[in-house]
């Protein structure tokens, strides 16, 4: 696979962010709030020092399930929003955060990735890291191309061949930029730079339209 252009991905993310920072920051804050609500509403039993923790309550179990469902829908929505923002930042809306149609395929891919990565970490830490990098675009492929979970995992592994190290470096770079942006009271690249990777930008093998919407683009 052609080398992933890290600088181009970061530049694309920043240029996109500057066009409509308000809606990108607003979407991120809204998703963060949605993530937090189940935790706020979940009862937290008091643990007395020296005594065993109290057993989980029915309400606690129900709220844990609610929290999981909300987190999946929020993650799915933010991924969909990022892909649409990557394609056309001028037309993306907050409503693009709501995209429940592929939820079962998204959940299937998410669980398969989780199992594979956990298995990799159990065997040795390095295989787990490699697996997480190689499968990092699977959920984007589910949304963008309508792929089934297994097909999205195979395709993600294919398009990241020879670029896993660069994807790791891109992740570090985006993390650093976002930390600096948060310190400056500006939300960083909001994932648009990574979406650029998934979208087929400077011609790595992935047709226009995938996940870290700018890295996937470069992986086509």
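Read-outs: derived from the displayed coordinates by stated rules, not from any lab. Everything quoted here is computed from the prediction, not taken from an experiment. Cβ sites come from the backbone with ideal geometry, for glycine too, and all protein chains shown count toward neighbours.
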So, in Å, what gap is there between the alpha-carbon centers of region 16-30 and region 62-109? 16
In what sequence do 106, 35, 140 fall when counting other Cβ within 10 Å, fewest first? 35, 106, 140
Run the simple label-point estimate for residue 177 and residue 72 please: 7 Å along Cα→C-beta, distance reported in nm. 3.2
Among 61-73, 153-165, what's the highest-first ranking by average C-beta atoms within 10 angstrom per residue? 153-165, 61-73
Subtracting the Cα-Cα distance of residue 64 and residue 29 from 0.36 nm times their residue separation yields 10.4 nm
Per-residue Cβ neighbour rank within 10 angstrom, fewest leading, 136, 82: 136, 82
Length gained if residue 98 through residue 41 is fully extended, taking 0.36 nm per residue and subtracting the Cα-Cα distance, is 18.3 nm
